[in-house]
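Below is one structure, written out as C-alpha cells; the observations come after it.
FYI, it's all coordinate maths here, none of it is from the lab. As the structure is a computational prediction, the values presented were derived from the model and not from experiment. Cβ placement follows ideal geometry from the backbone for every residue including glycine, while neighbour counts extend to all protein chains displayed.
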Amino acid sequence: MTSLPEDSPTLISEDDRDTAVQRLQDAYAEVHISHEELDERLHQVLTARTHGELASALASLPEERAGTTSTIAVAGGRIQRRGVWRVPRILKVESAFGRVHLDLSRAVFEHPVIDIELQLGTGRAKITVPRDAIVEFEDLRTGWKDSRHKTRRSSRPGGPRIRISGAMGFGRLKIRHARR
C-alpha cells in the first residue's frame, strides 16, 4: 500500500482495505502487535472510509515486508517465470529489447492483489493468469500495438486481482487465462 497523506479525503477501495488487513495480520504474526491491538485495529480498518482513517489504523506498524516488491530486469534476452513460484505483492519487470513470459497459472499468491509494473522497450509480453483471476490493465501505456485480453465468461469469485501498469514501447501484451 502506498503512503498517503493523513488528510486525504478520498474514499478507500476494497483493495486498499484488503492490503491493510494483510499488513495487520503480518504485524501480528511477527509479534509487533498484541491480539487485543489486532482486534482493535482490524475494527478500525474494516470501518474506515477514507485514507486518513486507514492510515491511523496502520500507524506505528513496521514497513511492509522486504519480500513484497521484486524487480526482474534484463537489457536484452528473455524473462521467463513459470511453474510453481511465489509472486511478490509488487512485481516490476524491466526489459529494453527482450521478450517477457510470466506464467502465473501455478504460482503461489500470498496477497489478494498483485501489481505488475511493466517497463518494456521493444519485444512482446505474454502473461498467463489463473483461471479465476481478475485482470486490470487500464494503467498500461502502449506505444505501438494494443493489448489483447479476453475476459473469462464465467469465473469463480476469490481469485487474485492482478493489476498491470507501466509502459510498453514497440511490443504487444497478450493476457490469457489458464485453461486448468
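Data overview
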| item | result |
| --- | --- |
| The range 67-177, relative contact order [Cα under 8 Å, separation at least 6], % | 27 |
| Cβ-based exposure ranking for Phe97, Phe137, in which fewest neighbours within 10 Å come first | Phe97, Phe137 |
| For the chain, the Rg and Dmax computed from alpha carbons only, in angstrom | 17.9, 54 |
| Interchain or long-range residues, amide H under 5 Å from Arg172's placed H | Arg124, Ala125 |
| Dipole magnitude of the range 59-101 about its Cα centre (Cβ charges: Lys, Arg +1; Asp, Glu -1), debye to nearest 20 | 280 |
| At R0 = 22 Å, FRET efficiency that the Cβ-Cβ distance of Val31 and Val108 yields, to 0.05 | 0.40 |
| Two-decimal Rg/Rh across the range 69-143, once Rg and the Kirkwood Rh are taken from alpha-carbon atoms | 0.94 |
| ³J(HN,Hα) computed for each position of the range 175-180 - Karplus, 6.51 cos²θ - 1.76 cosθ + 1.60, integer Hz, glycine/proline x | 10, 9, 8, 5, 7, 9 |
| 0 to 90° range, to nearest 10: angle between helix 14-29 axis and the chain longest Cα axis | 60 |
| The range 35-120, relative contact order in percent, only Cα pairs under 8 angstrom and at least six apart counted | 25 |
